[in-house]
Structure formats: structure tokens, C-alpha cells
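The values are calculated or read from the model by the stated rules, or taken from the named source; none is laboratory data. Just so you know, these numbers come straight off a predicted model, no measurement behind them. All Cβ positions, glycine included, derive from the backbone under ideal geometry; neighbour counts span all protein chains shown. Please note that ligands, DNA and RNA were not included when accessible areas were found on the heavy atoms of the full protein model with its side chains. Shrake-Rupley method; radii C 1.70, N 1.55, O 1.52, S 1.80 Å.
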Amino acid sequence: MGDIYTVIMAGGSGTRFWPLSRRLRPKQLLPLGGDGSTALLTATARRVAELSPLGRVLVVTRADLADGTRAALPGLPPENLLLEPAGRNTAPCVAWATATVQRRDPTAVVVVLAADAFIEDERAFVAALRTAAEAAASGAIVTLGIRPTRPETG
């Protein structure tokens, strides 16, 4: 299996967690990472560090969130911050990031995560990612999710 790269989607419009979040400080930049002081984006990158150190983490975000993103991830290499001039949702974000990874490392396995998730059992989550990456290395496309308990559009 090739190296595991993690793509973190961090566009965020800042509307779902209003009034705390705003356009230039969306949920992923808020200190909701479990300890009350860590941004969700920071927690996401730390969570996958044993699979993908920051050198193999790409963050896709809006250009106007670059400073906040750099502040949340000061060790992120500049070339790993992919700045969209305008948000275009999930598919273009994932396509751009995976094409970037493919150019750098054609044998890589790519994990795509949202920047604003809170994961309580991080060990189980990382174990699930590791299992998924092994399956992906054999050619599978793997999706992880949670079993819903009710209908939800958000």
C-alpha cells in the first residue's frame, strides 16, 4: 500500500453554527475540538496524524479562510493548502485534491474528511480509517458513515 494522504475539506460558510460562526470564522475554526481550546480543523489533522503526518495532509478551503486555516495548522506546508477562489462544494474539492495527490504520489491512498466533525472515539475512528485504507489500496472505494437515528437534512 502507498502512503496515506488525508484531504480535509474546510470550506464552511459559517452559517450552521451561528451566532458563534461567521463567514470568516466558520465552525471548523472554532474551539470545539473536545478540550474547549482546539479548533475542529486542528483536531481533525491531529486525529489522523499517525496515518498522515502534516506533510501528507491537504486542506481545501476558500481563499478568504487562508489566514485562519494557517493559524489552526501552523505546521501545514504551504503547498498543502489548496485555496479555492470560490466554494464549489464537495465534488470539485475532492477532484482537485485527489488530482494533486495523484501528481505527487501515484500510489497513494486518499482519505477525505470534513474539517468540522467531532469524533468522540478517535481510536476506533483511526482503526476504521486504517481498515478502509487497506481496502482502498486493493482498488475499492470505501465510505464510512454513522447509522442515523432520525431523519436530518443538515
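Could we say that Ala117 is over 13 Å from Ser52 (Cα atoms), of a type in the set (Gly, Ala, Ser), within 14 Å of the chain's Cα centre (by Cα) and outside any loop (DSSP other than H, G, I, E, B) here? No. In the condition set (1) surrounded by fewer than 15 Cβ atoms within 10 Å (Cβ to Cβ); (2) under 12 Å from Arg47 (Cα atoms), Ala115 is compliant with all but (1).
Do we have Ala108 as without any contact (Cβ under 8 Å) to a residue 24 or more places away in the chain and more than 19 Å from Thr69 (Cα to Cα) here? Taking the combined requirement at face value, the residue does not satisfy it. Candidates Arg123, Arg103: the one that is more than 22 Å from Thr38 (Cα to Cα) and either open to solvent by 50 Å² or more (accessible area, probe 1.4 Å) or at pLDDT below 95 (or both) is Arg103. Among residues of the range 20-47 that are within 15 Å of Ala10 (Cα to Cα), those with a beta-carbon under 7 Å from a residue that is hydroxyl-bearing (Ser, Thr, Tyr) at least six positions away or on a different chain give the pairs Arg23/Ser13; Pro26/Ser13; Lys27/Ser21; Leu30/Ser21; Pro31/Ser37; Pro31/Thr38; Gly33/Thr42; Leu41/Thr69. Hey, any hits in the range 124-147 for a residue that's of a type in the set (Lys, Arg), assigned to a loop (DSSP other than H, G, I, E, B) and more than 23 Å from Leu40 (Cα to Cα)? Looking through the range 124-147, none of the residues is of a type in the set (Lys, Arg), assigned to a loop (DSSP other than H, G, I, E, B) and more than 23 Å from Leu40 (Cα to Cα). Note on the range 14-63: residues that are more than 12 Å from Phe118 (Cβ to Cβ), open to solvent by less than 60 Å² (accessible area, probe 1.4 Å) and among the hydroxyl-bearing types (Ser, Thr, Tyr) amount to 4. Among the numbered conditions (1) outside any loop (DSSP other than H, G, I, E, B); (2) surrounded by fewer than 24 Cβ atoms within 10 Å (Cβ to Cβ); (3) in contact with a Ser or Thr (Cβ under 9 Å, 6 or more places away or on another chain); (4) hydroxyl-bearing (Ser, Thr, Tyr), the only one that Thr6 does not meet is (2). Return a yes/no flag: does the range 67-88 have any residue that is part of a loop (DSSP other than H, G, I, E, B), open to solvent by less than 20 Å² (accessible area, probe 1.4 Å), touching a helix residue (DSSP H, G or I) at 6+ places or on another chain (Cβ under 6 Å) and not aromatic (Phe, Trp, Tyr). Among the residues of the range 67-88, at least one is part of a loop (DSSP other than H, G, I, E, B), open to solvent by less than 20 Å² (accessible area, probe 1.4 Å), touching a helix residue (DSSP H, G or I) at 6+ places or on another chain (Cβ under 6 Å) and not aromatic (Phe, Trp, Tyr), which makes the answer yes.
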